[in-house]
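Report on one structure; see the data block that follows.
Quick note: the coordinates plus some simple rules give every number you see, no bench work behind them. Fair warning: this is a prediction, and the values are worked out from it, not measured in the lab. Methodologically, a virtual Cβ is constructed for each residue, glycine included, from the backbone with ideal geometry; neighbour enumeration extends over all protein chains shown.
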């Protein structure tokens, strides 16, 4: 049998577990390792690189809870900061936004509240709408994370800065600052 004839095994992806694990890995990568290594990682991401974070092991279990088969799936991270507002997209700004987002997700998971997942039926991915909001001077920035299947049977954690103007409360705050 060639690879093309081998039937693909179906694994259910638990987005909450992938998110929890992914957030732990991001925390490790940007807060627990040496600052130079974390800054180098951000530099690669800013350069448009998809950076490997290791692999997840997905398992199927039988009715008795015994693992019947498993699959290792590579995990990577990407960054889209095209909608970052203001000057000076720096490591401290990124780290502050990431920490705010990770805290928001952790609080939501701990409270067992709705993660506000926005799913993409075409790709099977999901945007986790638990934004990390930071304010630099008068300017807000908002970081969110999406979990998406990559191109080669991998999973990508896509960190994205989104337009803060879409958040009514942030627009009102900025209007007060300008008044």
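Assorted remarks:
- Each Cα pair under 8 Å and six or more residues apart adds its sequence gap; the mean of these over the residue count of region 15-178 is a relative contact order of 19 percent.
- Cα→Cβ-extended label distance, 7 Å offset, between residue 163 and residue 33, nm: 3.5
- Computed FRET value (nearest 0.05) for residue 43 with residue 63, which takes r as the C-beta separation and R₀ as 41 Å: 0.25
- Counting 0.36 nm for each residue step from residue 120 to residue 135 and taking away their Cα separation leaves a gain of 2.5 nm.
- Nitroxide proxy distance, nm - points 7 Å out along Cα→Cβ at residue 71 and residue 55: 1.3
- In a fully extended conformation the segment linking residue 83 and residue 113 would gain 8.0 nm over its present Cα-Cα distance, using 0.36 nm per residue.
- Three-way shape label, the chain, alpha-carbon gyration tensor, a/c 1.5: prolate
- Cα gyration tensor shape for region 20-122, rounded if a/c is under 1.5, else prolate or oblate: prolate
- Degrees, to the nearest 10: 168-178 long Cα axis against longest axis of the chain: 30
- 0 to 90° range, to nearest 10: angle between helix 35-46 axis and the chain longest Cα axis: 80
- Peptides 40-46, 141-147, 111-117 ordered by packing proxy, namely the average of other Cβ atoms within 10 Å per residue, highest first: 141-147, 40-46, 111-117.
- Summed over qualifying helices (DSSP H, 4 residues or more, each -39500 (n - 2.57)) and divided by its residue number, the chain shows a 222 nm mean residue ellipticity of -10000 deg cm²/dmol.
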